[in-house]
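S.K.: The following block contains the structure, expressed as structure tokens.
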Amino acid sequence: MALDLITEREVKDIKDCAFYHTMDLPGHGEIKGKWDLRKNTGQYLGGIDFTDKKVLEFGPASGFLSFYMEKQGADVVSFDIGNNIEWDVVPFAQYDHTQLFKPFIEYNNQMKNAYWFSHKALESKNKTFYGAIYDIPKELGDFDVVTFCSILLHLRDPFKALCAGALHAKEKIVVTDLAEAPKVYSKNHMYDTSLLGRVKNACRVLMNKEIYQYTPASIPYFQFLPNYKTLENKDVWWYLSPQLVVNMLGVLGFEDTKIDYHEYELYDKLTPTYSIVGTRTKSAPKDWEHFLKNS
Ligand SMILES: C[S@@+](CC[C@H](N)C(=O)[O-])C[C@H]1O[C@@H](n2cnc3c(N)ncnc32)[C@H](O)[C@@H]1O
């Protein structure tokens, strides 16, 4: 069964658009977005040669990366969340989190408008599929490269999403994410294991001050970012350490990995990011589809 991939959506007015990325659009000039990935875009995408590659981009937002890969010679399908699919917002008990869905869907719809507005201005041939990342239709087919850029941190179950994407990745998976936990958690205190350091830390605990341990990137770990006291990070679940991503990719049969670090402007401030390219070394086990359906 062939899938209905969307090839256009009429967006007449730029006022109906929310630009996640800063874009340069013919006839419209520079449009400012939250993130500016225009310098060294290739690095953000793991330094892959996209010529003649079939690419699936998960979470294109306003589409800057999908359009970039197309320009590099790729045949791109952009996959974003369907309007009828529930967002993975954090279910805080401290307030009615269900109220979050409406503004999320509205903002997301405006981002989709920005994608289609840019698609037209750039005369793009990219196709789009809107659906559920944990339940990707088999008919979407196989891709040489599958990208997960700045999306795993927003998902409650990043491993499940990676596993679902891996079933469609013949050659490579790219994961790009924040290389540092967001500000509220980055006032980390180096965990000093000397005797004096331990005494100081014990005093901080007694004084009811929080201590965040600094954990090196070489340790595979998740950091849970939602904060029930400040209600920060309503849709940002995780900091994923690079080694964690390497391990998850390895488990999924992408054992050959390369990590690269860089910085891009987020609201005009340089923000550290990492990209990991995993190359397939093992084929996907047959029981994965069962695992995905039952987990
Ligand atoms: C932070 S933006 C990333 C944009 C782009 N990939 C980049 O790196 O610049 C997150 C994207 O993931 C999408 N997204 C978030 N949750 C999703 C879900 N559950 N299923 C599919 N897409 C989702 C959003 O709609 C948005 O397009």
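Bear in mind that the values in this text are calculations on the coordinates, not laboratory data. On a predicted model such as this, the values are computed, not experimentally measured, just so you know. Cβ sites come from the backbone with ideal geometry, for glycine too, and all protein chains shown count toward neighbours.
S.K.: When we measure straight from the Cα of K34, which aspartates and glutamates land under 13 angstrom away, once same-chain ones fewer than 8 places off are left out?
M.R.: Output for K34: E265, D268.
S.K.: When the label point is put 7 Å from the Cα of D235 along its Cα-to-beta-carbon vector, which residues of the range 4-21 have a backbone N closer than 18 Å?
M.R.: Answer for this model: 16-21.
S.K.: Would you compute, for the Cα atoms of the range 19-80, the largest minus smallest coordinate along each principal axis and list the three values in descending order, in whole Å?
M.R.: 29, 24, 21
S.K.: Ok, one more. Using only the Cα atoms of the chain, each taken as one equal point scatterer with no solvent, compute I(q) by the Debye sum, divide by I(0), and report log10 of the ratio at q = 0.07, 0.09, 0.11, 0.13 Å⁻¹.
M.R.: Summing over Cα pairs of the chain leads to -0.28, -0.47, -0.69, -0.96.
S.K.: If contacts are Cα pairs under 8 angstrom and at least 6 residues apart, what is the relative contact order of the chain in percent?
M.R.: RCO, the chain: 20 percent.
S.K.: In the neighborhood of T22, defined by Cβ-to-Cβ distances under 12 Å, what is the net charge if each Lys or Arg adds +1 and each Asp or Glu adds -1?
M.R.: Counting the neighbours of T22, the net charge comes to -1.
S.K.: For the pair Y267/E171, report the inter-label distance in nm, with labels modelled 7 Å from Cα in the Cβ direction.
M.R.: Taking the two extended label points, one gets 3.8 nm.
S.K.: Taking the Cβ of each residue in V277, V146 as the centre, tally the other Cβ atoms inside 10 Å and list the residues starting with the fewest. List each step's numbers first, then the result.
M.R.: Values: V277 22, V146 27.
Result, fewest neighbours first: V277, V146.
S.K.: Round to the nearest 10 and give me the degree value, 0 to 90, for the angle of helix 242-251's Cα axis relative to the longest principal axis of the chain.
M.R.: 60 degrees
S.K.: Determine, for each peptide in 46-57, 6-17, the mean count of other beta carbons within 10 angstrom over its residues, then list the peptides with the highest first.
M.R.: Highest-to-lowest ranking by the protection proxy: 46-57, 6-17.
S.K.: Quick one: 3J(HN,Hα) in Hz for the range 167-173, Karplus 6.51/-1.76/1.60 with θ = phi - 60°, rounded, Gly and Pro as x.
M.R.: 5, 10, 9, 7, 10, 9, 10
S.K.: So if each residue of separation counts as 0.36 nm, and I subtract the Cα-Cα distance between D75 and N109, what length gain in nm does that give?
M.R.: Numbers: separation 34, 0.36 × 34 = 12.24 nm, distance 2.39 nm.
In short, 9.8 nm is gained.
S.K.: Going highest first, how would you order 262-275, 62-75 by mean Cβ packing within 10 Å?
M.R.: Numbers: 262-275: 15.4, 62-75: 21.8.
Final packing ranking: 62-75, 262-275.
S.K.: Right, here's the next one. Which of the pairs K32/K120; K125/K160; K12/K32; K258/K286 have their Cα atoms more than 22 Å apart in this structure?
M.R.: Listed pairs above 22 Å: K125/K160; K258/K286.
S.K.: Which of G29, G82, G42 ends up with the largest GNM mean-square fluctuation for the chain, with Cα atoms connected below 10 Å?
M.R.: G29
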